[in-house]
Amino acid sequence: MTGSSLRFLVPLSFLLLLSLGPLSSAAEDGSGPTLQGRRQKRQQFKEAPEFYNSPDCPTVDSDEILCSPAAVHVAMTLDTQYLRGSMAAILSILQHSACPENVAFHFVSSTSTSTSNSTLLRSTIVASFPYLKFKVYPFDDSSVARLISSSIRSALDCPLNYARIYLANIIPPCVRRVVYLDSDLVLVDDIAKLSATPLGGSTILAAPEYCNANFTAYFTPTFWSNPSLSSTFSGRKRCYFNTGVMVIDLAGWRTGDYTTKIEEWMELQKRMRIYELGSLPPFLLVFAGRIVSVDHRWNQHGLGGDNFWGLCRDLHPGPVSLLHWSGKGKPWVRLDANRPCPLDALWSPYDLLQTPFSLDS
């Protein structure tokens, strides 16, 4: 299936959900802690189909795949709150890959017992994807927690949201390139195409870039009124890029010690308020105007609406290789609340959650 062909059939379970009565407003936005806690405890997932390589795929030793340069390496975070989204993302990657057996997954999970349970997460992955080549890496979020400043949405303040800054330290040095993906997206194209994005030279990061965005809004008046700070972007394109879809040269990241450079901006943020939007601004401070731009087909973003209301949105014009529910509204929350947006029907076929309405083939 190509990225531009989105011929999905809305499953019966989705239609049944539409016919159910409404839930409470707390359930609609996922803010009800009791409902959310019950949902996390009772989540059970179906086993996904097994996918096989095409005849022309290179041979990768399954025992060496987590370090193999011939593999496509994918990094994602894992936690109980977004596990349902992660499972859908994994399925979509495998389903649309020409060489699914050559995809290696590197999952990062918090060591904090309040946000994740590594044993539960690992067993869930194994049960639904018994053939998957993956490793779960523990992330001690206590060190980054001290650097996090409150932002416009509490979900953005989760320490695990900052794990992408530490991938070069977490993933073994044998992995030189990785595709980092958020948990609120699905692919409808071969991830190998994204992974093969040319970097070259001193550029160590590729991502969908947006130069028509209001770049000024990503930083506070305090930042822009200080010449020593605002001059950071002198001679650079002031372009926003999405950190939920990135191709990263981990070897180059390690050499340039970019983790330290991002942390330095976060430390400054603790002393003076220079931005409001979670982990994105420090990435922009270090990398904006210095990345390889990825075709926008790899980030049909904003499907979760804005950071305040999470209202429904349409697709952007153009071809589609990746659908990204960035923003407040997540498709699984809206489906459970019987308040889906039309485009949530494109996420639903990848939902592996075992429900009373599931029809196993």
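Observations on the structure shown:
- Value in Å of the Kirkwood radius, where the range 65-299 supplies the Cα pairs that are averaged: 18.4
- Most to least packed among 79-89, 223-233 [average Cβ atoms within 10 Å]: 79-89, 223-233
- Distance violations [Cα-Cα > 29 Å] among K46/K328; K193/K270; K133/K328: K193/K270; K133/K328
- Segments 174-183, 262-271, 235-244 sorted - mean Cβ within 10 Å per residue, highest first: 174-183, 235-244, 262-271
- Cα pair count fraction exceeding 18 Å, expressed as % - the range 125-184: 49
- In the frame of its principal axes, the range 259-361 has Cα extents of 53, 30, 26 Å, reported largest first.
- HN-Hα J in Hz across the range 168-185 - Karplus 6.51, -1.76, 1.60, θ = phi - 60°, x for Gly and Pro: 5, 8, 7, 7, x, x, 5, 8, 9, 9, 9, 9, 8, 10, 5, 8, 10, 8
- Among 187-196, 139-148, the order from most to least packed when residues are scored by Cβ within 10 Å on average: 187-196, 139-148
- Overall form of the range 248-313: oblate. Here a/c, set by the Cα gyration tensor axes a ≥ b ≥ c, is 1.5 or more, and a/b is not larger than b/c.
- Segment A98-S112, extension gain: residue separation times 0.36 nm, minus the distance between their alpha carbons: 1.4 nm
- Neighbourhood charge, 9 Å Cβ-Cβ cut-off, centred on H96 and excluding it, Lys, Arg +1 and Asp, Glu -1: -2
- Normalising by residue count, the range 68-148 has a Cα convex hull of 105 Å³ per residue.
We did not get these values from a lab; they are worked out from the coordinates using the rules stated. Quick caveat, the model's predicted, so the values are computed rather than measured. With ideal geometry, Cβ positions are generated from the backbone for all residues, glycine too; neighbour counts draw on all protein chains shown.
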